[in-house]
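Notes for the one structure printed next.
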Amino acid sequence: MNIAESINNIKSTLPDNVQLVAVSKTKPNEAIMEAYNTGHKVFGENKVQDLVAKHEALPKDIDWHFIGHLQTNKVKFLTPFVSLIHGVDSFKLLKEINKSAAKNDRLVNCLLQVHIAKEDTKFGLSKEEIHSILTNEEYKKLENIRIVGLMGMATYTNDEDIIRSEFGFLSKLFNSLKSEFFSSTEYFKEISMGMSDDYKIAIEEGSTMIRVGSSIFGARNY
Ligand SMILES: *Cc1c(COP(=O)(O)O)cnc(C)c1O
């Protein structure tokens, strides 16, 4: 199957409330254009330099999502144009995004990354850390960021029960934060979970945004 067929196939199976982020990391601009020419506009990258280069080279109506681990010293390269930053995993990073977004006169949408996997190697906040951010007086003054939801990555395993329970945990946490901190807003509505191998389970567990790379663009050579 080619890229256009793959992307159309996946999209034809998605419920209306689930958005596809086509993860184009390591793939050339020609591959992205093949997906773009089907009408798809939302792409995800995990390296700041690659994202900036692709944004410069490709059509300006693409919504670029940053899905990688973001260092504070690189925030300034993304804030002028990024649509959504998926992996916010510290208060320090959130404050830096706010500062840089203010300089660019932008409101930058962010997802808090939650550590849901058993592996220590994965990044992400605990429930307690998220609570301490959302109750911090300094957080309430950040006017140039908006937390629109949560993001998580399940354990790398073939055991579907483990994956399902980790995604289920993220959904429950989302619901409890929504009622405790965001009940008067409309914008806290995204749960970014699910990749090529596990997005079907993620959707069953409440995902609103799947991040799919290899099932669209083929395997990556690093
Ligand atoms: C690479 C990546 C994906 C896509 O992975 P595939 O298995 O190729 O679909 C999704 N999310 C993040 C954070 C990634 O780094």
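Could we say that PHE81 is more than 26 Å from PHE169 (Cβ to Cβ), aromatic (Phe, Trp, Tyr), open to solvent by 60 Å² or more (accessible area, probe 1.4 Å) and touching a residue at least 12 places away in the same chain (Cβ under 8 Å) here?
Working: more than 26 Å from PHE169 (Cβ to Cβ): yes; aromatic (Phe, Trp, Tyr): yes; open to solvent by 60 Å² or more (accessible area, probe 1.4 Å): no; touching a residue at least 12 places away in the same chain (Cβ under 8 Å): yes.
No; evaluated as a whole, the condition is false for this residue.
Only residues that are over 23 Å from ASN29 (Cβ atoms), open to solvent by 10 Å² or more (accessible area, probe 1.4 Å) and free of Cβ contacts under 8 Å to residues at least 60 places away in the same chain: list them for the stretch 200-222, please.
Correct list: LYS200, ILE201, GLU204, GLU205, GLY206.
I need the strands (runs of 3 or more DSSP E) fully contained in the stretch 124-222, keeping only those with at least 1 residues that are of a type in the set (Ser, Thr, Tyr) and within 16 Å of the ligand (Cβ to nearest atom).
Values: elements: 145-152, 190-192, 209-212.
Counting at least 1 such residues, we get 190-192.
Kindly indicate the residue of the stretch 1-36 that is among the acidic types (Asp, Glu) and in a helix (DSSP H, G or I) and also nearest to ILE203 (Cα to Cα) among those meeting that condition. Working first, answer last.
Here is the first cut: in the stretch 1-36, the residues among the acidic types (Asp, Glu) are 5, 16, 30, 34.
Keeping just the survivors that are in a helix (DSSP H, G or I) gives 5, 30, 34.
Values: GLU5: 21, GLU30: 29, GLU34: 26 Å.
The extreme case among them is GLU5.
What is the one condition in (1) open to solvent by 60 Å² or more (accessible area, probe 1.4 Å); (2) at pLDDT below 95 that GLU143 does not satisfy?
All conditions are met except number (2).
HIS69 versus (1) open to solvent by 60 Å² or more (accessible area, probe 1.4 Å); (2) over 15 Å from the mean Cα position of the chain (by Cα): which is the lone unmet condition?
Unmet condition: (2).
If you take the residues in the stretch 14-52 that are more than 28 Å from LYS76 (Cα to Cα) and away from the ligand (no atom under 15 Å from the Cβ), which one is surrounded by the fewest Cβ atoms within 10 Å (Cβ to Cβ)?
Here the answer is ASP16.
The values are calculated or read from the model by the stated rules, or taken from the named source; none is laboratory data. Not measured: the values here are computed from a predicted model. Methodologically, a virtual Cβ is constructed for each residue, glycine included, from the backbone with ideal geometry; neighbour enumeration extends over all protein chains shown. We work out accessible area using only protein heavy atoms, side chains counted, and drop any ligands, DNA or RNA first. Shrake-Rupley method; radii C 1.70, N 1.55, O 1.52, S 1.80 Å.
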